[in-house]
Structure formats: structure tokens, C-alpha cells
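The structure appears right after this line, and notes come after that.
The values are calculated or read from the model by the stated rules, or taken from the named source; none is laboratory data. Just so it is clear, the structure is predicted and the values come from calculations on it, not from any experiment. Cβ: placed from backbone, ideal geometry, glycine included. Neighbour counts: every protein chain shown.
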Amino acid sequence: MSEGTLEYPFQNWKSLLGFFTEAEAFNILKSQGIQFTPKQEEELNTKVREALKHASTIVGRRAVIPDVKEIPVQYMADREQRLRNEPTFAEHLIGMSEVSLSQVEIGNLHVFQPNLNMDYVKRLVAKAPEPDNLADLLRFCLPLREEVEKFPVVGGFNPNTNTVTLMSENLDMRMLGQVQGEDPKTGHRFFGFAYGGGLSQISVVDYKGVLMIKNGYHRAFALLEKGHKFMPCLLLKTDDYQATGAAGTGFFTFELMLSDRSPILSDFQSPAAVAYPRRLIRVVASIHGEVHWVPASSFPLSHSP
């Protein structure tokens, strides 16, 4: 931005706005809660139109298939088995028909996620190994559980409302399913939710010949920015589009992903991508417990506690 100062914390993002309609692209910019000056808005409008023009010339993407090569066995003999033994590894396999550990060409990977946090990418570039350091690259792309960076989570409990609140800077924090059990000392039973980050390994999924990044967008782009041509990953295969992860809210459409204009990761380095600020956000998870009294006929139980 060439004029004005934002009065609140913000981060720098890039979005592939060239692959949206003009109305959708402008709406994405205006929905960030930032009040741009007239000059800033004019500059962004110009960039959006340039992005749309550039993306409109893209053709032949159905024929863009990233090269795939093996990871030298001396680097994977121990790590592959340890990865497969981790409890979360099975989550990668849901809906998949095949899985292998391979190196894939980064720039030609198709992408369904349109946004990247460039401040986070910058930090990852500083941490990423050099292209000739395959041992460290494996730890960066396919980390074991003990190698994953830990993010702080602040938690609090309001006894007046029975509300638990968790807050983190890690935008990948999510609810991971239910937990329940019993305190061995008091006998009090508990029921709630487990939380944590997403899967740590970079994964690429082959859906009917289209190789898409499934997990690890920021690390993949950081490697591309640092000059890497290939990255190790879990290479998955499925005929179920839902299993690719690409059907989520805010992602590119099924029609675009399988079209001759499908976006690829290197498009983030092209005029199809627009850089702009977003408000700094945190993830806040709230869990509230309440006791209700209801007629027994409307909520039958098979047995008493």
C-alpha cells in the first residue's frame, strides 16, 4: 500500500484473485474488515483487473502433470516405517486407494486453496533447508511427531457460565473429535473435545490425473520461493473428490480444478495473484456446558447412569 497507515495489526496475504469473477475478487478484498484509502482501493482494483486479464489467457492446464521421482532409499529406510507407525498416519489414508512416499515437482502442482499468508511463508523460507539438503528437507516436509513445531494455546475456564475458551495464533488449530473418561480419584466423569493442529506431513493427492496439494500449502510455496524444484511428500490417490479435501468452503470449484485453466502453485508468483493486507486473526474455540431438564418421553435412555 503506497498511502495511509493501518491502525490495527494486519498480515500480508496473496490470493489467486485472477481465477475468480471480478465481483467475487472485489468482494474478497472488501470482506477483510479493512478500510482502504481511495488511492489504495484504486491500486487494488488495478491489480485485480490485471490478475483477471492474466488468468484469462491460461490454457492447457489439464496437460500440466508434475514430475514424480523416488526418494533415495537410504534416506527413507527408517523414517517411512516410523511415519507409518504414528497414530495419525491412518488419517492420511481415509478415502485413498494408494499411498507412497515420493518427490514431486512443486511449481506444477494444482492448488484448490486460493490464499497464502505471506508473513508465515517468509518465516518458513527462513527455516527451510537448502535444495541440496535432502535429510533436513524430509524433516521439513515429512516430520515425525517429535519433530513438529509446537504452538502455544491459551486456555481459560469461566465457572459462572461453564465455558472453556482456547485461543491460539496457529490458524490450523481445530477440534479433533470427542474425548470422555473418568477421574480415577473422584469418579467424576468427563466428556469433551480433543484439539490440536492438522496433519503435519505434506501430502499431494492424485484425482483422476490431476495432482493437487492436499496438505502443506505454505511449506510447499516456501520451498518454491527458496529455489526447490522437488519436495518429498505423501503421494495419495483417490477417485472420491470429497476425499481430496478440495470440496471445502472457500476453495476453488470442482469445475475449475478439472478445467484447462486449473490453478497451479507457481501462479502465486504470477500476476494472477494479488497481494493485500488482512486483519490479524486468532483462532478461538469455545465449549459451553449446560444442564437442561426435558420430559423423559422426548429423550429416552436405554439405561440409567
Note to self: Take the residues in the range 27-59 that are in contact with a strand residue (DSSP E or B) (Cβ under 7 Å, 6 or more places away or on another chain), hydrophobic (A, V, I, L, M, F, W, C) and within 30 Å of Lys229 (Cα to Cα); name whichever of them is surrounded by the most Cβ atoms within 10 Å (Cβ to Cβ).
What the structure shows: Ala51
Margin query: Name the residue that is farthest from the chain's Cα centre (by Cα), counting only residues in the range 144-159 that are surrounded by 13 or more Cβ atoms within 10 Å (Cβ to Cβ) and farther than 30 Å from Gln74 by Cβ.
Written below: Val153
Notebook entry, point to check: Of the residues that make up the range 211-232, is at least one in contact with a Leu (Cβ under 8 Å, 6 or more places away or on another chain) and of a type in the set (Phe, Trp, Tyr)?
Noted result: yes
Checklist line | Qualifying positions in the range 21-60 - modelled with pLDDT of 95 or more and either within 10 Å of Arg278 (Cα to Cα) or of a type in the set (Lys, Arg) (or both) | finding: Lys47, Arg49, Lys53
Margin query: For a quick check of your reading: which helices (runs of 4 or more DSSP H) sit entirely within the range 60-143 and have at least 2 residues that are buried (at least 17 other Cβ atoms within 10 Å of the Cβ) and in contact with a helix residue (DSSP H, G or I) (Cβ under 7 Å, 6 or more places away or on another chain)?
Written below: 73-85, 118-127, 134-141
Next item on the list: Can you tell me which residue within the range 249-282, out of those that are at pLDDT 95 or above and of a type in the set (S, T, N, Q), is surrounded by the most Cβ atoms within 10 Å (Cβ to Cβ)?
Entry: Ser262
Check: Under the condition of being outside any loop (DSSP other than H, G, I, E, B) and hydroxyl-bearing (Ser, Thr, Tyr), which residue from the range 40-59 is nearest to Val111 (Cα to Cα)?
Finding: Ser56
Checklist line | Answer residue from the range 28-39, given it is assigned to a helix (DSSP H, G or I) and in contact (Cβ under 8 Å) with a residue 24 or more places away in the chain and is farthest from Thr249 (Cα to Cα) among those | finding: Lys39
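Do the conditions hold for Gly18, that is, is it in contact with a His (Cβ under 8 Å, 6 or more places away or on another chain) and at pLDDT 95 or above?
For Gly18, the condition - in contact with a His (Cβ under 8 Å, 6 or more places away or on another chain) and at pLDDT 95 or above - is met.
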Check: Within the range 147-162, is even one residue modelled with pLDDT of 95 or more, closer than 27 Å to Gly227 by Cβ and outside any loop (DSSP other than H, G, I, E, B)?
Finding: no
